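A quick write-up on the structure given underneath.
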Amino acid sequence: MESVLNCIKTRRSVRKYKDQAVPKELLKQIVEAGLYAASGKGKQAPVIITITNRDLITEITQVNAEIMGSPNTDTFYGAPVVILVAGSLKANDKTAFADGTLALGNMMIAAHALGLGSCWINRAKEGLSYDVYKDIFHSLGLNAEDFVGVGHLALGYPEGDLPVAAPRLPMREFYID
Ligand SMILES: Cc1cc2nc3c(=O)[nH]c(=O)nc-3n(C[C@H](O)[C@H](O)[C@H](O)COP(=O)(O)O)c2cc1C
């Protein structure tokens, strides 16, 4: 496994995936990285929902594309796995969204470390007001209204080489001694 610092630098958003299932053991390791993220007051508020059901991914994709205003676009790039992260408003209303972003960040690094690719796919916040999302939560014994959608990860084995990172923009790094 690469060093953490190297993984952070070499991770890239992947937008082309192999048609290859990801073993459950790897998915669990990635999700565990999300579960171990820091959270406001240590409340461990985000929920992480891993979806490999192709029909459900298609339904989510349709909603996501509709929200984006580009119907019929595969906004998840054909990834075999979609991980949805939502922050619990009941457990941590002040930091629910921030908690979820950190879980997503951890999982992106973990996926890369394990040889997988991922891409943050937005519009989870809006998504939660759609029936398909409400039904997902309901099927898990949860109420979508108690959560804020934070983001999704498209996840899978990358097809082709990873893109090169854009140069880091200047004037974003300051030190005060
Ligand atoms: C909050 C957030 C939302 C994003 N939403 C999308 C998205 O909806 N679709 C997409 O293809 N990429 C999305 N991305 C990925 C960014 O486009 C990507 O991180 C950026 O271009 C930098 O590339 P890199 O991740 O390879 O460093 C999102 C990233 C973040 C952090």
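The values are calculated or read from the model by the stated rules, or taken from the named source; none is laboratory data. Keep in mind the model is a prediction, meaning the values are calculated, not measured. Positions of Cβ are backbone-derived with ideal geometry, glycine not excepted, and every protein chain shown enters the neighbour counts. Ligands, DNA and RNA are stripped out before the accessible areas are found, and what is left, the full protein with its side chains, is counted by its heavy atoms. Shrake-Rupley method; radii C 1.70, N 1.55, O 1.52, S 1.80 Å.
A few notes on this one:
- The number of residues in the stretch 129-150 being on the phi > 0 side of the Ramachandran plot and either assigned to a strand (DSSP E or B) or within 16 Å of the ligand (Cβ to nearest atom) (or both) comes to 0.
- Filter pass, Ile48 being open to solvent by 20 Å² or more (accessible area, probe 1.4 Å), modelled with pLDDT of 95 or more and of a type in the set (A, V, I, L, M, F, W, C): yes
- Residues (out of contact with any Lys or Arg (no Cβ under 9 Å at 6 or more places or on another chain) and free of Cβ contacts under 8 Å to residues at least 12 places away in the same chain) located in the stretch 138-161: His138, Ser139, Gly141, Asp161
- Within the stretch 31-61, tally of residues that are within 12 Å of the chain's Cα centre (by Cα), within 16 Å of the ligand (Cβ to nearest atom) and assigned to a helix (DSSP H, G or I): 1
- If only residues of the stretch 1-33 that are of a type outside the set (A, V, I, L, M, F, W, C) and open to solvent by 90 Å² or more (accessible area, probe 1.4 Å) are counted, the one that is farthest from Pro46 (Cα to Cα) is Asp19.
- Filter pass, Asp99 being closer than 27 Å to Val14 by Cβ, at pLDDT 95 or above and touching a strand residue (DSSP E or B) at 6+ places or on another chain (Cβ under 6 Å): yes
- Checking each residue of the stretch 63-81 against the condition of being touching a helix residue (DSSP H, G or I) at 6+ places or on another chain (Cβ under 8 Å), within 12 Å of the ligand (Cβ to nearest atom), in a loop (DSSP other than H, G, I, E, B) and of a type in the set (Val, Ile, Thr) gives at least one match.
- Sole residue being aliphatic (A, V, I, L, M), more than 29 Å from Cys7 (Cβ to Cβ) and at pLDDT 95 or above, chosen from Val82, Val132, Val150: Val132
- Within the stretch 107-128, tally of residues that are part of a helix (DSSP H, G or I), more than 25 Å from Gly160 (Cβ to Cβ) and open to solvent by 20 Å² or more (accessible area, probe 1.4 Å): 2
- Residues satisfying the stated conditions in the stretch 83-97, i.e. away from the ligand (no atom under 12 Å from the Cβ) and either surrounded by fewer than 18 Cβ atoms within 10 Å (Cβ to Cβ) or not in a helix (DSSP H, G or I) (or both): Ile83, Leu84, Ala86, Gly87, Ser88, Leu89, Lys90, Asp93, Lys94, Thr95
- Given (1) over 30 Å from Thr10 (Cβ atoms); (2) touching a strand residue (DSSP E or B) at 6+ places or on another chain (Cβ under 6 Å), index of the condition Leu155 fails: (1)
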